[in-house]
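As structure tokens, the structure follows; a few thoughts come after it.
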Amino acid sequence: MDLFQLKTPLVESMRQTIRARGPQSFAWFMQQALYHPEHGYYSSGRCAIGRKGDYFTNVSVGPLFGQLLAAQFSEIWKRLGKINDFVIVEQGAHHGQFAQDVLKFAQKRLPQFFEVLHYRIIEPFPILQERQHQTLKGFGDRVEWGESPEPFAGVHFSNELLDAMPVRLISNGREKFVGLNGDNFVFVERPVDNAILNQSALDWIDEIAANLQRGYVIAIDYGCTDEDFQRSVQVRAGHRNLHSPFDAIGEADITMSFNWKSIVERAQANRLRVAGFTDQHHFLTGIISEMGRGGSPETTSGNYGQLPLPDSPKAKRELRTLLHPEMLGRTFQVLALAKNMRPEVPQLAGFKFAREPRFG
Ligand SMILES: C[S@@+](CC[C@H](N)C(=O)[O-])C[C@H]1O[C@@H](n2cnc3c(N)ncnc32)[C@H](O)[C@@H]1O
């Protein structure tokens, strides 16, 4: 651990709060470390994703991920009856790369869809909004920004948003709080009654459900479906896993795998319906199988017409990374929730190879 980091303004202000108010929940700790308005890992703009950064995501692998999702969004647009104002709402857009990949591909390969497409980014942090503006300046008023989703018809999309949301650490009726031993952050355990682990994620789905008039929510993330899953905090910096969330506070990413079941139950309580759930490997394979390949179009079931997959060696490498079970293919799951849509016959392309979803 770098001793310098122990004296950052963020760490000092966290110590002050704990000294004044006593041990705080891990959700508070994550909120400060990642989203403190000035000094948080994300809110300060310090977060770097990709080869030269702290970790990879699907988006940082290359444009293919956004291109495949654009094809899926265009199928959804068709299922909505090719409406005139189709909105993609993205949350957790980082520097706007995914939005750029989707918009570029739609402009080039899906012109009818592009005509009616609006992209709305929900970004609470000014520095990230600025970077998104830079990345997306070529798309003019097609892209808009907001602090919360306004009513829309279309798709809400997120990649690795849920696992970055603050959570409490509770198991067997006991909660781990963050306290201090001298200047060192330490866990302190106490019994608890209220066992809501992921209030932020539940609030998130409430807000989307209240604003989605018709369409889908597609969330890609690192979660579990097993009731007894092991909750583990992951701390990542410079492509290494750090031992403790108390190392490099505000300089490292902190994520927590979560149980999809709690999201699904809350979504259902908000009258959203599960339209599909599968791992990323099957999801992307489903989309590809409907697209036609490599410039030599196959006859598809008609959803995209004859849309060739990009065929360069680079695109092939990207595809392998996204699909391979030992790379990203099995790491991530994809959940689709539907509102005011008829049950899917056939399934959305991405869920063509999915099994019946089960949430433990
Ligand atoms: C792990 S990063 C993923 C970035 C990007 N989606 C990707 O796949 O490369 C998580 C992102 O979610 C953002 N985020 C967290 N909570 C958010 C919220 N409530 N609204 C919007 N963005 C949020 C963070 O600022 C961060 O940019």
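The values are calculated or read from the model by the stated rules, or taken from the named source; none is laboratory data. Quick caveat: nothing in here was measured; it's all calculated off a predicted structure. Cβ: placed from backbone, ideal geometry, glycine included. Neighbour counts: every protein chain shown. Surface areas here come from the heavy atoms of the whole protein model, side chains and all, with no ligands, DNA or RNA. Shrake-Rupley method; radii C 1.70, N 1.55, O 1.52, S 1.80 Å.
Scan segment 190-208 for residues that are touching a strand residue (DSSP E or B) at 6+ places or on another chain (Cβ under 7 Å) and closer than 22 Å to Pro151 by Cα and jot them down.
Answer for segment 190-208, where residues must be touching a strand residue (DSSP E or B) at 6+ places or on another chain (Cβ under 7 Å) and closer than 22 Å to Pro151 by Cα: Ala201, Ile208.
Is there a residue being within 24 Å of Leu80 (Cβ to Cβ), out of contact with any Pro (no Cβ under 6 Å at 6 or more places or on another chain) and not basic (Lys, Arg) anywhere in segment 247-264?
Scanning segment 247-264 turns up at least one residue that is within 24 Å of Leu80 (Cβ to Cβ), out of contact with any Pro (no Cβ under 6 Å at 6 or more places or on another chain) and not basic (Lys, Arg).
Report, by residue number, each residue of segment 218-250 that is farther than 17 Å from Leu197 by Cα and either open to solvent by 50 Å² or more (accessible area, probe 1.4 Å) or among the β-branched types (Val, Ile, Thr) (or both).
Passing the criteria: Ile218, Ile220, Val235, His239, Arg240, Asn241, His243, Ile249.
Could you list, in sequence order, the residues of segment 23-34 that are within 16 Å of the ligand (Cβ to nearest atom), open to solvent by less than 50 Å² (accessible area, probe 1.4 Å) and either closer than 16 Å to Ala248 by Cβ or of a type in the set (S, T, N, Q) (or both)?
Phe29, Met30, Gln32, Ala33, Leu34
Go through segment 130-165 residue by residue and tally those that are on the phi < 0 side of the Ramachandran plot, open to solvent by 10 Å² or more (accessible area, probe 1.4 Å) and out of contact with any Gly (no Cβ under 9 Å at 6 or more places or on another chain).
Here the count works out to 13.
Output the number of the condition that Gly45 fails; it satisfies all remaining conditions of (1) surrounded by fewer than 18 Cβ atoms within 10 Å (Cβ to Cβ); (2) over 26 Å from Pro166 (Cβ atoms); (3) not aliphatic (A, V, I, L, M).
(2)
Six or more apart or on different chains, Cβ atoms under 8 Å: show the pairs whose first residue is in segment 38-56 and touching a residue at least 12 places away in the same chain (Cβ under 8 Å) and within 21 Å of Phe246 (Cβ to Cβ) and whose second is part of a loop (DSSP other than H, G, I, E, B) and near the ligand (Cβ under 8 Å from one of its atoms).
Tyr41/Cys47; Tyr42/Phe125; Ser43/Pro124; Ser43/Phe125; Cys47/His94; Asp54/Cys47
Is it the case that segment 59-66 has a residue that's open to solvent by 10 Å² or more (accessible area, probe 1.4 Å) and within 9 Å of the ligand (Cβ to nearest atom)?
yes
Give me a count of the residues in segment 166-213 that are open to solvent by 30 Å² or more (accessible area, probe 1.4 Å) and aromatic (Phe, Trp, Tyr).
Summing the residues that are open to solvent by 30 Å² or more (accessible area, probe 1.4 Å) and aromatic (Phe, Trp, Tyr) in segment 166-213 gives 2.
Take Ala93 and decide whether it is away from the ligand (no atom under 11 Å from the Cβ), aliphatic (A, V, I, L, M) and not in a strand (DSSP E or B).
In short, no.
Taking segment 321-351 on its own, how many of its residues are more than 25 Å from Ser257 (Cβ to Cβ) and exposed (fewer than 15 other Cβ atoms within 10 Å of the Cβ)?
Residues flagged as more than 25 Å from Ser257 (Cβ to Cβ) and exposed (fewer than 15 other Cβ atoms within 10 Å of the Cβ) within segment 321-351 amount to 5.
For (1) open to solvent by 50 Å² or more (accessible area, probe 1.4 Å); (2) of a type in the set (S, T, N, Q); (3) at pLDDT 95 or above, each residue gets a yes or a no:
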| site | (1), (2), (3) |
| --- | --- |
| Thr8 | no, yes, no |
| Arg21 | yes, no, yes |
| Gly81 | yes, no, yes |
| Asp101 | no, no, yes |
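Inside segment 251-297, can you point out the residues that are assigned to a loop (DSSP other than H, G, I, E, B), out of contact with any Asp or Glu (no Cβ under 8 Å at 6 or more places or on another chain), at pLDDT below 95 and open to solvent by less than 20 Å² (accessible area, probe 1.4 Å)?
Residue satisfying the conditions is Met291 alone.
So which of Ile122, Ile127 ends up being within 11 Å of the ligand (Cβ to nearest atom), open to solvent by 10 Å² or more (accessible area, probe 1.4 Å) and under 30 Å from Leu10 (Cβ atoms)?
Ile127
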